[in-house]
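> Next up is a structure, given as structure tokens.
Derivation of every value follows stated rules applied to the coordinates shown; laboratory data play no part. A quick note: this is a predicted structure, and the numbers were derived from the prediction, not measured. Glycine also receives a Cβ, built like all others from the backbone with ideal geometry; neighbour counts cover every protein chain displayed.
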Amino acid sequence: MVKVFIPRERRPGETRVAATPETVRRMAKLGLESLVERGAGEASLFRDADFEAAGARLAADAGEGWKSADVVLKVAPPDLVEGSHEAGRLKHGAVLIGFLAPHRDLEMVRLLATGGVTAFALELLPRVTRAQPMDALSSQASITGYKAVLLAAWRLPKYLPLLMTAAGTIKPARVVVMGAGVAGLQAIATAKRLGAVVEVSDVRQAVKEQVESLGGRFIELPLAESGEGQGGYAREMGEDFLRRQREIVQRHLAAADAVITTALVPGKPAPRLITAEMVRAMRPGSVIVDLAVEQGGNCELSAPDREITENGVLILGPSNLAAAMPHDASLLYARNVFALLQLLLDKEGKLAPDLNDEILAGSLLTHAGAVVHRPTAERLNLQEVPA
Ligand code: NAD
């Protein structure tokens, strides 16, 4: 019987969990045994008793789970916990599924490889139609976009909607969203539902229609060639283009009350869309929420998990906003993980991953002692070359 372990997340501020009573029940139906560390669902409001009722066994501490499980389900990447690295605790041949952020911790990747772990990194999952149920980047980005608008609304000294009151009219707030991927589109929809006027900048002309269908106004950019790169993502634009984009967007920022930035280019630092000078030209009392802060930020002045005020403009750089809505974030994340786990099983419920399957091949980080993801392997090799 395949044993699946769900540890309590240890990363500071991580409130989510990689399985819920719902997915434990679905795993049991497939003949899998679940072992849940006590308190794993506490921060996301899934009680130990509910996991037990769904068929899980509770583990008082994580040690047994890490070393005996055939599959470990995580949210955040394995980390150093009380002097020992979680990545070194899995048994040889075990499977690990989670956000593994391989670019951030090469030592973790090395430990997974040398420990013979078959690790699937959800951020590497190909964005193909068949992978949609497993697309944890999307389910979590959508929450992030939604929460970013609520955060901005909470901190704004004014209403978002147009209001006609006995004391007169209040004009609607103006929200600028930069980057209309999954997070950006949800931010647009949320800001519109709250009644704001929403303007949007993206380098992918293809999103213009989506933006307009949500009621946003698309800010046209002078694109000499398509901003679309591989796999439907944006490509890296040159500094000349970014300068021109900043000039155009500046006018919109100067009139904005809230700005949500989500612009990313895969494998590259976040494009710099708002300079310190542009912030200083904004209205005092306005709020910037920079969701690209972990990749270096779209705003020159943002910093991870810090609040910065410049000339009366509040700049927020939340690095893990999905964790601010842990119940639904875990519900969706656990379903994504379960969908991927199902793909690893044969009809008898035994682990039999077809590593030629494009979804599994695309998200495979380490396997059989090797780092399989080429860009990560190259970075590790570079690290090993003596200076
Ligand atoms: P992302 O997080 O990589 O980037 C966010 C947005 O930033 C993108 O819209 C990008 O075009 C934009 N951007 C980059 N540089 C910019 C700049 N200089 N100025 C303004 N905006 C800039 O994107 P994502 O949310 O992961 O989505 C990427 C694509 O994948 C989208 O087309 C999305 O619809 C698609 N997608 C497909 C599936 C699927 O079919 N399974 C699932 C999810 C997403």
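> Order the peptides 269-282, 287-300 from the highest to the lowest mean number of other Cβ atoms within 10 Å of their residues.
Working: 269-282: 18.1, 287-300: 23.8.
Packing proxy ranking, top to bottom: 287-300, 269-282.
> Using only the alpha-carbon atoms, what does the range 184-295 span along each of its principal axes? Please give whole angstrom values in decreasing order.
Projected onto the principal axes, the Cα atoms of the range 184-295 cover 37, 32, 27 Å.
> From the helices alone, meaning DSSP H stretches of at least four residues, give me the mean residue ellipticity at 222 nm for the chain, per-run term -39500 (n - 2.57), in deg cm²/dmol to the nearest 500.
It comes out at -9500 deg cm²/dmol, rounded to the nearest 500.
> Mean projection of the alpha-carbon convex hull of the range 41-112 over all orientations, in nm²?
For the range 41-112, averaging the hull's shadow over all directions gives 5.5 nm².
> Once Rh for the chain is found with the Kirkwood sum over Cα pairs, what is the Stokes-Einstein diffusion coefficient at 37 °C and 0.692 mPa s, in µm²/s?
Taking Rh from Cα pairs, D becomes 148 µm²/s.
> Can you pull the semi-axes for the range 313-376, root of five times each eigenvalue of the Cα gyration tensor, sorted largest first, whole Å?
Output for the range 313-376: semi-axes of 31, 19, 8 Å.
> For the chain, give the magnitude of the charge dipole about the Cα centre (Cβ charges: +1 Lys/Arg, -1 Asp/Glu; no others), in debye to the nearest 20.
That gives the chain a dipole magnitude of about 720 debye.
> Right, something else. Give the lysines reachable from Lys74 as a straight Cα distance under 19 Å; neighbours fewer than 8 places away on the same chain don't count.
By straight Cα distance, Lys74 reaches Lys3, Lys91.
> Still on this structure: What is the calculated FRET efficiency for Arg47 to Ala224, with r their C-beta to C-beta distance and R₀ = 41 Å, to the nearest 0.05?
It comes to 0.10.
> Can you divide the C-alpha Rg of the range 67-147 by 2.2 N^0.38 Å and report the result to two decimal places?
1.18
> Convert each backbone phi in the range 218-227 into a coupling constant with the Karplus relation 6.51 cos²θ - 1.76 cosθ + 1.60 (shift: θ = phi - 60°), then list the ³J(HN,Hα) values in order as whole Hz, x for Gly and Pro.
Running phi through 6.51 cos²θ - 1.76 cosθ + 1.60 with θ = phi - 60° gives 8, 8, 6, 10, x, 8, 6, 9, 4, x Hz.
> Next question. Which residue, Phe241, Phe120, Phe46, has the most motion in a Gaussian network model of the chain that connects Cα atoms within less than 10 Å?
Per the Cα network of the chain with a 10 Å cutoff, Phe241 tops the list.
> Moving to a separate point now. Could you name the aspartates and glutamates whose alpha carbon sits less than 16 Å from that of Lys192, not counting residues in the same chain fewer than 8 places away?
Result set, ordered by chain and number: Glu209, Glu212, Asp257.
> Residues in the range 165-188 near a label at Arg283, defined as backbone nitrogen under 11 Å from the 7 Å Cα→Cβ point?
Inside the label zone: 171-175.
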